[in-house]
Amino acid sequence: MTSEHQEKETVLSRRDFLATSAFLTATVAGFGIIAGFFRFFKSDVRYEEPSVFKIGKPENFPVGTARKLDDKKVFVFSDDGGFYAISCVCTHLGCIVHTSDNGFTCPCHGSKYNTAGKVISGPAPRSLPWFEITQDVDGSLVVNAGSEVPSGTKVKYS
Amino acid sequence: MYSRFYLSVLLMSGLVLVTYLVLTAYDGVMPEWKHYQIEYKELLIKNAKDDATRTRAQSMQSGLRQTYLAGLKREDRCVNCHLGVDNPMMADAKLPFKKHSGNYLANHPVDKFGCTVCHDGQGSATTLESAHGKGHGAHWDRPVLPLEYVQSSCAQCHDFDMLSKNGGAKVAGGETLFNEKGCRGCHKVNGRGGSLGKTLDKVGSEPIAYFSMKHVIGDHTVYNWLKRHFEDPQNIMRNSEMKVSLKGSDSALLTMFAMTLRSDEMPKQYRDMKYTPEVKLNGESLYKRYCIACHEDGTRSLYNEIFNRTIPAIRNPAFLKAADDKTLETIIKEGRKSTQMTSWKTVASGVSDEDVKNIIGYLSEKRPAEKYEPFPIPMSQGEPNNGKNIFETHCSVCHGKDGRGGEDRLGVSLRSPVVQKMVNPEFLAATIRDGRSGTPMPPFGKDAIGLGDKDIADVVAYVRAFPK
Amino acid sequence: MNEVEVNEIERSGLSKFTDNLKSLAATVFGSVFRNGSPNSDKARASAIFNNFFLHIQGTKTHINTLRPSYTLGLGLISFFLLVIVVASGIFLMVYYNPSVENAYQSVKNIIYVVFGGNVTRNIHKWAGEGMIIFVLLHMARVFFTGSYKSGREFNWVVGVILLILVFVLNLTGYLLPWDQLSYWALVIVSNIMQSPRELTDSLGITRFFDVGTFSREFFLAGMVPGKESLNRVYLFHVMVLPLIISVFAGIHFWRIRKDGGMTKPDAFSPTVSDSGYAVPPAKTAGIFPTHKTYGLMELARGKTPSVDKDIENMVFSWPNLLIAELAVLMLTLAAVVVYSYYINAPIREFANPLIPENPAKAPWYFLGLQELLSYSAFMGGAGLPMLTLFGLFLIPYLDREQYNVGTWFTDRKGKLIAFEAFVISTVLLIGILVFAVNFGWLRSWFPEIPQLVITLVNPGSIWVGFIIVWSLFVIRRTGSTRMGAMSLFVMFLVSYVILTYFATEMRGPNWGFFWSMSQWPIH
């Protein structure tokens, strides 16, 4: 095969609209399938506790309450400033913290937080998040563990 | 040539493939429920009364929701379309956005109870047809319960006592009807009842395939089958022996009760049953529960076409004269062979000895104090040959020449063990002399047809000499 | 060259490193693919030769192989269906849970809440069942072009093994949704497995040799499908059988190469339509000799099947063959996706061991067997299928004529014989079915007849007996074993199709006869 022949052929195949479009469609389809497969893996439903949950009427949390809701992984406090909820999941590697003398301590790697959830020692990278508390139409308090509020946000309900 | 051919095939099928991938993706992004969520969001924004609610409505995220109920082993996805179920603003909205009626959700929050626990249907489905599970194509055994029968679900966790006072009057009424119609005379529920009919536990949750839908008009569902069946059993099941024909509201009540009989027991934390000690029922209630279906009020003997035999009048004074308490107890506990009277011993029917005693007490209320006028001569020493002549003249008309009674004759069989064994000669004689009120048996004594005591003794002797 | 060396020495180590960094993409790419875009004969050859996935194909392909009318692409379609099934199967495994409690619900979840889950499930189902059809069609193509001959005998046997594996894979997948349909189909199939008992019982040797119960226990771990059956059927379906089928598919492809590629007619001459290749056939052969010469293979085998054959009608596989293959892949994929978009794979109520579906039917591809089974459990379940498989295995060894290999139907006479067998078997088989439906069989006339007689004399065994006798008669008449094999194979295909159709469409509740499914009494 001569080089002249080769060159002609290359030019030809470049100009071959049919081939180009055919391979292009095939590529698009291939990428489409790959994208679909990644989407397939993303599960749309969750088999876990809902992140928004009712915790009861305000009367059940009189001023001075500090209660750990084990199944919801959250501390609920009530003081003069109002109600607030602090996560009890350590921001380091996800262990459950417990209350200690002046704040919270993580049993796994020794992270310590003060009463507001701010890190004071240990490997934890962030403070414990505060969650939004709202009141439902029936009067019960609702904690939204999916929505963080700035530390120190306390709300009053009656 | 071929490379062109193959390239065209490649291009064409590539285009088709891309098209259908896009269609599939579109279906994935815009499933049926998504349209409802979009409509609901618009509705929320439109109905918002102040800015705060409007902002909240505008921030509503659409997406697949489910109530995962680990304790109930189900995930209900009904809320993907029934979005306003706990939103008071949606009280007047159209379905599926309408708020749940009443204040049931206050005590049964959706996130704890889900929906299918009360309403049935296929909770995990996300399309209308399969979620409601109606029709043969849905291939689902527990379609959504119509509002008419929803109360049957309440009884899964609540007792009838509580229900009758708190809005569950229908289902409690169903239970009363069940007990008063004597359904337990043939059907067992919770191990108590007769054994002629099918045991009814679980009937409300049985697969549709158990029920022959051939002659059922309307929905092919279990509840519709039950309702039609209570109205006319033989129309649904050609060879049914069931004796009932209820009218509209009663059959609906009984259907409601039957639908409460389900196999799946609710977890303990969901149940709110008061296990009060069982109420002692008096003889009358017991009679209604176990006997009334066949014997009715028990004052007249009845010919039953399906059973093809006469059902004795057990509360008839004349009958009770013959049967003392001991005899009654034997009959009730042992049953009567080759009849529909089955054994009511505790092991067979679950009815306690005390209840049987109460029933007997109720029956014997009607027994006359005086049994019968005594005879001057002994009735056990008659002359059978003379008795034969008299029998053929007077008795064989109804009881048959051979004393077997028979299908089209009025009289009972005189060869039955009851007549032959349980009844003493004096009683037989008294029956012949005085007749039996409430039955076709007329008196034959001196004052009536004119048989003397001697003749009666002869007939008794002849009757008692029948080969068994 | 010298200059470069000098430069190398003079340059500092760091600049060498930065140069390497600059050319990183090119060198990595080059080391993986070795060639750039192939635009010379040598490059085209090595594009195939040096690629792990492509080197199972020759660097050059015969023009006959590229003719769509010769292979019809059937084997390739079967292979691509396998690829599609494996891929979609892996994705279904992400959400499927093989336990009696969760299996049904997890399938429902795939249908209702997984993105594209329903279509993926349909693709898996339809591509899997499509494999049965296309493997059978491929087998028919191979048979009718005589491609099981001249060194390819064993590859035919491997193909039959692959067919069996496809059947078993489909069957094991059928149980997994754990719904009424799958449960009762598996009950039927487990009884088919049990069927050798009928013979062993008649002979009174069940106590010593109970192969029926053994196979059933092996497959289902019990008399009816239960907890453990689901587990082991799942294991077979996703692990054991896919491994086995991959190995055999590998052998199948490898043997194609080693047995000299596709068959082609002895007197092959290109026609007008054999032109217009992306890279035309090299008449002058370029750097390659005009005749196939000895290569590496001679060390092991002395001579490859292609030595001394002309290479005149060979074209480069890159890109001619690859375009064809890609086109078939895309066509298969598109067809499966379109079909799956519209037709949903069935799912019924949750499995209930107390309520049989009526009629309880095996999966459609076994319904022909179930029809035979309704005459005699042993013959339908074990005897006749075994005989058929034996026949299929032995065809290349019993018919060893090497005449006109690579030509559809061999010659004019072959076409006539095939047509004759088609007509005769269609008419007679329908006749036998009509007879059995209308008049019943021996037991209807002589209720006391021993089971052994029915086992041996029933419509199924009579029919198979007839096929064998007819084929022998054809061999005697034509003096050609190829013609006998032709009749046998045509009649086998016709029987499979007619029996399957008959049992699918015309057998209703209680295995009664109905003209069509729409006449079934409502249930």
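Just so you know, all these numbers are worked out from the coordinates, no wet-lab data involved. As the structure is a prediction and not an experimental result, all values here were calculated from the model. Virtual Cβ from ideal backbone geometry, glycine too; neighbours counted across all protein chains shown.
Exposed loop sites, defined as chymotrypsin sites (Phe, Trp or Tyr not before Pro) outside DSSP H, G, I, E and B with at most 10 other Cβ atoms within 10 Å, are absent from the longest region of chain C, namely C:209-514. Database note for the protein assembly as shown: Cys without another Cys beta carbon under 4.7 angstrom, A:Cys88, B:Cys81, B:Cys118, B:Cys154, B:Cys157, B:Cys183, B:Cys186, B:Cys291, B:Cys294, B:Cys395, B:Cys398.
Using a/c under 1.5 as the rounded threshold, could you call chain B rounded, prolate or oblate? The axes a ≥ b ≥ c are square roots of the C-alpha gyration tensor eigenvalues, and prolate needs a/b larger than b/c, oblate otherwise. Prolate. If you line up the long axis of helix B:425-434 against the longest principal axis of chain B, both from Cα atoms, how many degrees apart are they, to the nearest 10? Tilt relative to chain B: about 90 degrees. Relative to the longest principal axis of the Cα atoms of chain A, the long axis of helix A:17-41 lies at roughly 20 degrees. Could you tell me which of the pairs B:Lys337/B:Lys388; A:Lys42/C:Lys108; A:Lys72/B:Lys34; B:Lys288/B:Lys357 are separated by over 19 angstrom between their Cα atoms in the structure shown? Cα-Cα > 19 Å for B:Lys337/B:Lys388; A:Lys72/B:Lys34; rest within. Measuring against 30 Å, Cα to Cα, the residue pairs B:Lys170/B:Lys366; A:Lys68/B:Lys98; A:Lys54/B:Lys73 contain B:Lys170/B:Lys366; A:Lys68/B:Lys98 as the ones spanning a longer distance. When the convex hull of its Cα atoms is viewed from all sides, the range B:68-114 shows a mean projected area of 3.2 nm². Put the Cα centre of the range C:188-263 next to the Cα centre of the range B:168-234 and the gap is 46 Å. Semi-axes of the equivalent ellipsoid of the range B:20-144 are 25, 21, 13 Å, computed as sqrt(5λ) over the eigenvalues of the C-alpha gyration tensor in descending order.
A simple spin-label model places the labels of B:Leu147 and C:Ile468 7.2 nm from each other, with each point 7 Å out along Cα-to-Cβ.
In straight-distance terms, cross-link reach from B:Lys214 covers every one of the lysines whose alpha-carbon lies under 16 Å from its own, apart from those fewer than eight places away in the same chain; here that gives B:Lys227. This ranking places C:Ile347, A:Ile96, C:Ile84, C:Ile205 by how few other beta-carbon atoms lie within 10 Å of each, fewest first, which gives C:Ile205, A:Ile96, C:Ile347, C:Ile84. If the Kirkwood radius is taken over C-alpha pairs of the range A:52-149, then at 20 °C and 1.002 mPa s the Stokes-Einstein diffusion coefficient equals 157 µm²/s. Over the protein assembly as shown, DSSP H runs of length four or greater, each weighted -39,500 (n - 2.57), average out per residue to a 222 nm ellipticity of -15000 deg cm²/dmol. Prolate is the label for the range C:173-275. Its Cα gyration tensor axes, ordered a ≥ b ≥ c, give a/c of at least 1.5 and a/b above b/c.
Rounded, prolate or oblate, given the Cα gyration tensor of the range C:367-523, with a/c below 1.5 counting as rounded? Prolate, since a/c reaches 1.5 and a/b exceeds b/c.
What number do you get for the protein assembly as shown when its Cα radius of gyration is normalised by 2.2 N^0.38 Å, N = residues?
Values: Rg = 42.3 Å, N = 1149, 2.2 N^0.38 = 32.0 Å.
Compared with the compact-globule rule of thumb, the protein assembly as shown sits at 1.32.
On average, how many beta carbons from a partner chain sit within 10 Å of the beta carbon of a residue in A:20-27? Across the residues of A:20-27, the mean count of other-chain Cβ atoms within 10 Å is 6.
Calculate the mean, over all residues of peptide B:207-216, of how many other protein chain Cβ atoms lie within 10 angstrom of the residue's Cβ.
Numbers: counts 6, 3, 9, 3, 0, 1, 2, 3, 0, 0.
What the average comes to for B:207-216 is 3.
Plainly put, chain C has a radius of gyration that is 1.05 times its Kirkwood radius, both from alpha-carbon atoms, as the Rg/Rh ratio.
Each residue in C:Glu349, C:Glu198 was given a count of other beta-carbon atoms within 10 angstrom of its own, and listing them fewest first yields C:Glu349, C:Glu198. When only alpha carbons are used to place a centre, the range C:383-414 and the range B:67-90 end up 63 Å from one another.
Remark: the range B:283-364 projects, on average over all directions, an area of 5.0 nm² (convex hull of Cα atoms). Counting only other chain Cβ atoms within 10 Å of each residue's Cβ, the peptide C:350-357 averages 3. Listed by chain and number, the lysines whose alpha-carbon sits under 17 Å from that of C:Lys258, ignoring those within fewer than 8 places in the same chain, are C:Lys60, C:Lys149, C:Lys292, C:Lys303, C:Lys309.
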